[in-house]
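These notes are about the structure you will find just below.
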Amino acid sequence: MREISVEKITRTVRDLCIEAACDLPQDVENLLRQAKEREESQFGRYSLEKIIENVELARQDTVPMCQDTGLAVIFVEIGQDVYIAGGNLVDAINEGVRQGYTDGYLRKSVVEDPVFNRKNTGDNTPAVIHTEIVPGDKLKIMVLPKGAGSENMGALKMLKPADGLKGVKEFVLKTVAEAGGNPCPPIVVGVGIGGTMEKATLLAKKALARKAGEHHPDPKYKELELELLEKINKLGIGPQGFGGRVTALAVHIESYPTHIATLPVAVNLNCHAARHKEAIL
Amino acid sequence: MSGIKKLTTPLTVEQIKNLKAGDQVTITGVIYTARDAAHKNMVNALKEGKALPIDVKDQIIYYVGPCPAKPGQVIGSCGPTTSGRMDAYAPVLLEQGLRGMIGKGPRSAEVVEAMKRCGAVYFAAIGGAAAVVASSVKKAEVVAYPELGPEAIRRLEVEDFPCIVAIDAEGNNLYELGVKEYKVAE
């Protein structure tokens, strides 16, 4: 049994929130730079130049690259041999979010109730927390601040098994086409296939936490990722929706076994500020 | 993008008639921020026969909810938000003489029709380039709905705020023209 204090968890979440908002991961930045090289549209190139200039400025001044510093989505993998000492995990994480969004001068974008009381909670809590118990004695925390511009463009469809691969492709392409310039392209496309309704959407979100441009370990899914990326980039939406060759930087698919009678597909889009930071305690 | 057109607010109908979808512009002067909640409040105020908290005639509204300013900053990062969420409210403000909107992403047919009818232009700023945008803001103060926090209406003084004319007063639409040009038929 290894002991990890709630203070340590709070401090880690705090730091990850600030870092995620201000420092774009290198994997995403590399894809943006490659995109600028191959973009043919003048407005597309202009957008990518501004986006890259912004990434550099945000990192240099430790300011958020986007004002929508998101709802804090937190994935926690808890080793089954870890003992969390001195308090409870959820409070520790929310305290970390509170401190990070306050100390980092990040925007607070959470409202108390979705329908009846859309009043800002003032400290960006509560976070959306996904925990998973895994073997080992480590605790992995991943912070994925998620802006609403791209989140609003996601979709879920419960396909029939007969819809098959063709149905999956059509649904992904339709979702990206309908999103158009709204989710701040060039986007990262997270696709969750299989499981149940909620499992598919969680897989789609998890897919966004993957290092941008890395592929599914199964070659058949890798091929599907590449095919979808090519087809998405033929849609012509381009950076910011101004038209162009680069609509998506990457397509990430996560898959899971499913029921004999269903084929769930979820698409979760991320903007070019595809923020994700992690730490292992 | 042949040459950058320099605009100074307030805008007149004549000024915006010279703007065409795809023009690169810089905006200098006073602009006002408003997004979802502030739009809802303003449209409700008009419905109740009350005055708007700001005079929108010939003005530009920028769809943004900025980050808090760090010590020494005028304003925190402040890139555009998705304009489509304001589509339900925009025509009402255009009827009041609003001359320009800055945001990101496409607009509804109703908004484009109202722009043509009232004489207004829609500018796109680069979504996600929020730190760069902040550097063109020289002054910021909350002028209405302070209780809305990041969604309060702010009066900004901007200098050379870079934008692209996305939809002009004749309804020419960069989002449609651009995508058409680069779409590859399967």
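Here nothing in chain B passes the span test, since no DSSP H helix has an alpha carbon length of 24 Å or more along the helix axis and a Kyte-Doolittle mean of 0.0 or above. Coordinate range of the alpha-carbon atoms in chain A per principal axis, descending: 53, 50, 40 Å.
Amide H contacts under 5 Å for residue B:143: B:153, B:154, B:155, restricted to partners 5 or more places along the chain or on a different chain, H placed in the peptide plane at 1.01 Å from N.
For the listed residue pairs A:206/A:277; B:20/B:47; A:222/B:104; B:116/B:138, the alpha carbons are over 24 angstrom apart in B:20/B:47; A:222/B:104; B:116/B:138. Only helices enter this figure: runs of n ≥ 4 DSSP H residues, each worth -39500 (n - 2.57), summed and divided by the residues of chain A, yield -13000 deg cm²/dmol at 222 nm to the nearest 500. A cut-off of 5 Å between modelled amide H atoms, ignoring neighbours fewer than 5 places along the same chain, links residue A:73 with A:128, A:144, A:146. The C-alpha atoms of segment A:8-130 occupy a region whose extents along the principal axes are 54, 41, 25 Å, arranged from largest to smallest. Kirkwood hydrodynamic radius of chain B from all distinct Cα pairs, in Å? One over the average 1/r among Cα pairs gives 16.5 Å for chain B.
Restricting attention to segment B:4-180, close to 55% of DSSP beta bridges with both partner residues there are antiparallel. Taking a ≥ b ≥ c as the square roots of the Cα gyration tensor eigenvalues, segment B:70-176 comes out prolate, since a/c reaches at least 1.5 and a/b is larger than b/c. Looking at segment B:56-148, what % of its DSSP beta bridges pair antiparallel, to the nearest 5? Beta bridges within segment B:56-148, antiparallel portion: roughly 10 percent. Among the residues of A:186-196, the average count of other protein chain beta-carbon atoms within 10 Å of the residue beta-carbon is 0.
Summary of packing: across the peptides A:50-63, A:29-42, the per-residue average of other C-beta atoms within 10 Å ranks them, highest first, as A:50-63, A:29-42. Here the 3J(HN,Hα) profile of segment A:132-140, calculated from phi with Karplus coefficients 6.51, -1.76 and 1.60 at θ = phi - 60°, is 9, 8, 10, x, x, 10, 10, 10, 9 Hz, Gly and Pro shown as x. For residue A:159, the residues 5 or more places off, or on other chains, whose built amide H falls under 5 Å of its own are A:263, A:265. Sorting the segments B:53-61, B:122-130 by their mean number of nearby beta carbons within 10 angstrom, highest to lowest, gives B:122-130, B:53-61.
Counting only other chain Cβ atoms within 10 Å of each residue's Cβ, the peptide A:57-66 averages 6.
Where only DSSP H runs of four or more residues are counted, chain B gives -6500 deg cm²/dmol as its mean residue ellipticity at 222 nm, each run worth -39500 (n - 2.57). Scanning the protein assembly as shown for cysteines with no neighbouring cysteine C-beta under 4.7 angstrom from their C-beta gives A:17, A:22, A:66, B:67, B:78, B:118, B:163.
Averaged over peptide B:79-85, the number of partner chain Cβ atoms lying within 10 Å of each residue's Cβ comes to 6. Within the shell defined by Cβ-Cβ distances under 13 Å, the residues around residue B:129 carry a net charge of -2, with Lys and Arg each +1 and Asp and Glu each -1. Applying the Karplus relation 6.51 cos²θ - 1.76 cosθ + 1.60 with θ = phi - 60° to segment A:178-194 yields 3J(HN,Hα) values of 5, 5, x, x, 5, x, 6, x, x, 9, 10, 9, x, 10, x, 10, x Hz, where x marks Gly and Pro. For the peptides A:202-211, A:108-117, the ranking by packing is A:202-211, A:108-117, with the highest mean count of neighbouring Cβ atoms within 10 Å listed first. Nearest 5 is fine: what % of DSSP beta bridges in the protein assembly as shown come out antiparallel, could you say? Taking every DSSP beta bridge within the protein assembly as shown, about 55 percent pair in antiparallel fashion. Full extension of the segment from residue A:279 to residue A:160, taken as 0.36 nm per residue of separation minus the current Cα-Cα distance, would add 38.9 nm. Site pair residue A:198 and residue B:46 shows an inter-label distance of 4.3 nm when each label is modelled 7 Å from Cα along Cα→Cβ. Which of B:149, B:65, B:97 ends up with the largest GNM mean-square fluctuation for chain B, with Cα atoms connected below 10 Å? Greatest mean-square fluctuation among the candidates belongs to B:149.
A short reminder: the numbers here are calculations on the coordinates, not readings from a lab. Just so it is clear, the model here is predicted, and its values are computed rather than measured. When we count neighbours, we look across all protein chains shown, and the Cβ atoms used for this are built from the backbone with ideal geometry, even at glycine.
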